[in-house]
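As structure tokens, the structure follows; a few thoughts come after it.
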Amino acid sequence: MTSVLNNWRGYLELTKPGVQALLFVSCASGMLIGSNFNPPVTVFFFGLIGISFLAASSAVVNHFFDKQIDAKMNRTSKRPLVLGHISDKQAIIFSVLLYASGSIMLLNFTNFLTWLLTTLTFIFYGFIYTKYLKYMTSQNIVIGGLAGAMPPLLGWSAITNSIEPNALLLVLIIMVWTPPHFWALAVYRVEDYSEAEVPMLPVQKGVAFTKQHILLYTFLLIACTMLPYAVQMFGEIYLISALVLGLIFLIYSFRLYKDETNAIAMPTFAYSIIYLAALFAAMLIDHFLSL
């Protein structure tokens, strides 16, 4: 226990708190929209925490399996498992405790469907993507992005105990957002991925090819964000916000496409995070004002 308390920052890093923040926002959005801003308090609280715990557990598994390649990359070389601040055994125990406690919350305060979907997401990201899919194809992030796109559906199902088409639209948006978001980082860190022998798109197909696909996926993303308005899920506030945010994203992507130095890669990556958070904020504002 003393070891855990003394190294709490290391354990927190294992959960990937930056990723958790976006997960939290999108999951909470699914709950609020699915319940028309009137979720049962216990379902909302324990559902969010339970889903977050399972996501954190899969992040720890990711750290465990990626320890060898993390040691070869500048971006990840100071992670707790790489430096030995936390042992493999401690990480596994931490992951099991997160999964078990999160599962108890979901099964007791939400429903079996939410626990099942969250568990399948945990398995897909923690084991299938991390251990196998990442190394099989340069399109790994396109397919693997499904795991990161699930939180709105998980939140929605926690409230409704169902899989609804509108929730799947939110999953689609995040899934299409993931490639241009992550590929911008991959362009910036292409040497790292090459050194670690991870077949990310810029390593396999080249940086120019990747930047072209970032631009194309940004167009596709803007089209996908129009779908919730087209089916009258959201109104004009969302529509205007999605168009403005999408246009800014497109400007970043185009500038990156034309930039031979790739200096705009990290600003594009940073904006993509702001973009997603702002887009979901627009959804919430629009839905709340329409009630």
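The values are calculated or read from the model by the stated rules, or taken from the named source; none is laboratory data. Computed from a predicted structure; not experimentally measured. Methodologically, a virtual Cβ is constructed for each residue, glycine included, from the backbone with ideal geometry; neighbour enumeration extends over all protein chains shown.
Would the stretch 101-110 turn up any residue that is within 20 Å of GLU13 (Cα to Cα), not in a helix (DSSP H, G or I) and not hydrophobic (A, V, I, L, M, F, W, C)?
Within the stretch 101-110, none of the residues are within 20 Å of GLU13 (Cα to Cα), not in a helix (DSSP H, G or I) and not hydrophobic (A, V, I, L, M, F, W, C).
Working only within the stretch 65-91, note down all residues that are surrounded by fewer than 20 Cβ atoms within 10 Å (Cβ to Cβ), of a type in the set (A, V, I, L, M, F, W, C) and either within 19 Å of LEU23 (Cα to Cα) or touching a helix residue (DSSP H, G or I) at 6+ places or on another chain (Cβ under 7 Å) (or both).
Passing the criteria: PHE65, ALA71, MET73, VAL82.
Conditions: (1) under 30 Å from THR261 (Cα atoms); (2) in a helix (DSSP H, G or I); (3) of a type in the set (A, V, I, L, M); (4) touching a residue at least 24 places away in the same chain (Cβ under 8 Å). ALA208 meets all but one. Number of the miss?
(4)
Mind telling me which of the residues TYR252, TYR257 ends up being among the hydroxyl-bearing types (Ser, Thr, Tyr), closer than 23 Å to ALA277 by Cα and outside the structural domain of ASN36 (by TED's automatic domain parsing)?
Sole residue among the options that is among the hydroxyl-bearing types (Ser, Thr, Tyr), closer than 23 Å to ALA277 by Cα and outside the structural domain of ASN36 (by TED's automatic domain parsing): TYR252.
Test each condition in (1) over 11 Å from PRO180 (Cβ atoms); (2) among the polar types (S, T, N, Q); (3) in a helix (DSSP H, G or I) for THR218 and report the one that comes out false.
Every listed condition holds for THR218 apart from (1).
For the stretch 130-146, give me the residue count where each residue is within 16 Å of the chain's Cα centre (by Cα) and either in the same structural domain as TRP177 (by TED's automatic domain parsing) or free of Cβ contacts under 8 Å to residues at least 60 places away in the same chain (or both). Reasoning before the result, please.
Residues of the stretch 130-146 that are within 16 Å of the chain's Cα centre (by Cα), as a first pass: 130, 134, 140-146.
Subset that is either in the same structural domain as TRP177 (by TED's automatic domain parsing) or free of Cβ contacts under 8 Å to residues at least 60 places away in the same chain (or both): 142-146.
Matching residues across the stretch 130-146 total 5.
Out of all the residues in the stretch 22-75, which are touching a Leu at 6+ places or on another chain (Cβ under 8 Å) and of a type in the set (Ser, Thr, Tyr)?
Matches in the stretch 22-75: SER26, SER29, SER52, SER57.
From THR160, THR178, grab the single residue that is among the polar types (S, T, N, Q) and closer than 27 Å to LYS211 by Cα.
One residue alone meets the criteria, THR178.
Report the residue count in the stretch 247-272 for those that are over 12 Å from LYS211 (Cβ atoms) and touching a Ser or Thr at 6+ places or on another chain (Cβ under 6 Å).
2
Would you please name the residue that is surrounded by the most Cβ atoms within 10 Å (Cβ to Cβ), looking only at residues in the stretch 190-205 that are of a type in the set (D, E, K, R) and touching a residue at least 40 places away in the same chain (Cβ under 8 Å)?
ASP192
Could you count how many residues in the stretch 165-191 are in contact with a Ser or Thr (Cβ under 8 Å, 6 or more places away or on another chain) and farther than 18 Å from PRO267 by Cα?
Summing the residues that are in contact with a Ser or Thr (Cβ under 8 Å, 6 or more places away or on another chain) and farther than 18 Å from PRO267 by Cα in the stretch 165-191 gives 4.
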